Amino acid sequence: MRKILFLIIFFVSGACDGQQKGTIMKKEIIKKSYKKQIISDEINRAESEIYDENTGVYSNFKYLVSFKKPKGWASDFGSGQFTLFRTYQIDSGYTMSLNVVETDLYPKKGFNAHELFDKVGKQSLIKNIMKAFESQEDWSKPKNFNVKKSYLNNNPVIKQTYQTMHREDEFEFELTNINFQFVKSGNIITLSLIVPTFFFNEDESFFNSLFLINFLPDKNEMINSLKK
């Protein structure tokens, strides 16, 4: 149970790129990140991912996932070691990121985010997540934290929402954080959004429409289905 909680808490406290510092990672739980696999030449980046500038679609063939960035936003591959792709709008402070943690903790087939949620339980999950923030100053701790089972593009997900405060020079403002966590092939895939709360409250439907994630068909499964 502790290992299950650890992985979920890891991506609540460090889901969006640039917020992964301060999280203790255990080698027996988390495998080498995608970026480290590229650096060590275990995988070829040119063959395992592609970003189409014309459509704004990023596709990763190792994890069989794709994400379409909002029109007009900038993009890069992020600074966090578990971030595959990041998109942002500098002037407004919007940021989205696609993150993956590889693990052998969960079954590779037939196990999804809802089953993970049921194993942990909502109250236990919230309690342990808030414990992860105990060392932070009171002003920076998340508030209005909520977690529930949901669906995104017909896929079972764990949806997490909460607010945090951000300080920059003499300015201070609240941020709304939304994370959608999938369990695919035993790995944790998280699509996250951080947006100033006053913008989010003006047009929630717009921001909720930005989670344009899709899962690509497995090549071997497609071949096997055609043989039947």
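Just one of the listed residues (LYS149, LYS109) is open to solvent by 60 Å² or more (accessible area, probe 1.4 Å), within 25 Å of LEU212 (Cβ to Cβ) and touching a residue at least 24 places away in the same chain (Cβ under 8 Å), and it is LYS149. The residue that is surrounded by the fewest Cβ atoms within 10 Å (Cβ to Cβ), among those in segment 171-218 that are hydroxyl-bearing (Ser, Thr, Tyr) and farther than 16 Å from ASN155 by Cβ, is SER205. Taking segment 52-68, which residues are open to solvent by 10 Å² or more (accessible area, probe 1.4 Å), touching a residue at least 60 places away in the same chain (Cβ under 8 Å) and farther than 17 Å from SER209 by Cα? Selection gives SER59, PHE61, TYR63, LEU64. Considering segment 158-170, and only residues there that are of a type outside the set (S, T, N, Q) and assigned to a strand (DSSP E or B), the residue that is most open to solvent (accessible area, probe 1.4 Å) turns out to be ARG167. Might you check whether a residue that is modelled with pLDDT under 95, open to solvent by 10 Å² or more (accessible area, probe 1.4 Å) and in a loop (DSSP other than H, G, I, E, B) occurs anywhere in segment 1-10? Yes: one or more hits. Just one residue in the set ASP118, ASP91, ASP76 is over 17 Å from ILE189 (Cβ atoms), open to solvent by less than 60 Å² (accessible area, probe 1.4 Å) and of a type in the set (Asp, Glu); that residue is ASP76.
The values are calculated or read from the model by the stated rules, or taken from the named source; none is laboratory data. Bear in mind the structure is a predicted one, so any value in this text is a computation, not a measurement. Every residue, glycine among them, receives a Cβ derived from its backbone with ideal geometry; neighbour counts consider all protein chains shown. Please note that ligands, DNA and RNA were not included when accessible areas were found on the heavy atoms of the full protein model with its side chains. Shrake-Rupley method; radii C 1.70, N 1.55, O 1.52, S 1.80 Å.
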